[in-house]
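A short worksheet on the structure shown next.
The values are calculated or read from the model by the stated rules, or taken from the named source; none is laboratory data. This is a predicted model, so every value here is computed, not measured. Ideal geometry is used to build each Cβ from the backbone, glycine not excepted, and the neighbour counts take in all protein chains shown. Just so you know, the surface numbers come from the protein's heavy atoms only, side chains and all, with ligands and any DNA or RNA stripped out. Shrake-Rupley method; radii C 1.70, N 1.55, O 1.52, S 1.80 Å.
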Amino acid sequence: MIQNIIANPTFYNATQGTVAQMTIKTSLNAAARPGAILLDKNIDPHTKKFSASKEFLYQAISLGMYLGIIIPIFKHGAYSLAKNKLFKDEAIFKAFPKPDDFKKFFKLGTEQEKLAKLKEISKATGDTFNRTNITEEGEHLANGVIESSSLIGTILGLAVVAPLTATKAIHPILKAVGLVKEEPKPKEITNDKHDYDNDHDDHDDD
């Protein structure tokens, strides 16, 4: 049942481009949100600079973690699980042991290019890979594994992992470059009460 869901082209169409879409969205946020803060005339210059820098770092760190750590972990982990445990008899995973290698094959423009690639792999590995065992259904299965893991990584990564990490990293970075949030100055203690007491004592002496 799981295999049928993952290999379903409808499922693939719903999840494809997850990484690209989130990369574009987060990149736009990294530019638009700080820009909006800088254009706000109701914020003083220092606070404006601090807030804009903080927002940019938040988006940039989240995106860096998302692309550099979270997605690779989920993508390679799920593909390895599918290859070694869940679908270890599927020829598609034997022909393409790494997700990036499969993606290059999956994106080939023509059937002739795919057949040539399968022939090349067969010659290199000594196994026979052709359209008998590397079917379109097998391709959709492998691609579904990659896209579904990217979707899960997106949800967990951008909703939980990246924000927690970014939040902890922002202030040390801002402090290192000399940007700190200005705290409101404490009110000065006046001597009004002291002066009143002295005046009161003078009156008592009279």
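Kindly indicate whether residue 181 is open to solvent by 30 Å² or more (accessible area, probe 1.4 Å), in contact with a Phe, Trp or Tyr (Cβ under 7 Å, 6 or more places away or on another chain) and either at pLDDT below 85 or acidic (Asp, Glu) (or both).
Yes: the conditions hold for residue 181.
Only one of these conditions is not met by residue 103: (1) in a helix (DSSP H, G or I); (2) more than 30 Å from residue 27 (Cα to Cα). Which number is it?
Only one criterion is unmet by residue 103, namely (2).
Given 63, 28, 67, which one is exposed (fewer than 13 other Cβ atoms within 10 Å of the Cβ), closer than 20 Å to residue 167 by Cα and modelled with pLDDT under 90?
Only one candidate passes the filter, namely 28.
Quick check: is even one residue across the stretch 86-101 farther than 14 Å from residue 140 by Cα, among the small types (Gly, Ala, Ser) and surrounded by 12 or more Cβ atoms within 10 Å (Cβ to Cβ)?
yes
Exactly one condition in (1) open to solvent by less than 60 Å² (accessible area, probe 1.4 Å); (2) modelled with pLDDT of 90 or more is false for residue 113; which is it?
For residue 113, the exception is condition (1).
Name every residue in the stretch 116-134 that is open to solvent by less than 50 Å² (accessible area, probe 1.4 Å) and either at positive phi or part of a loop (DSSP other than H, G, I, E, B) (or both), in order of residue number.
Selection gives 129, 134.
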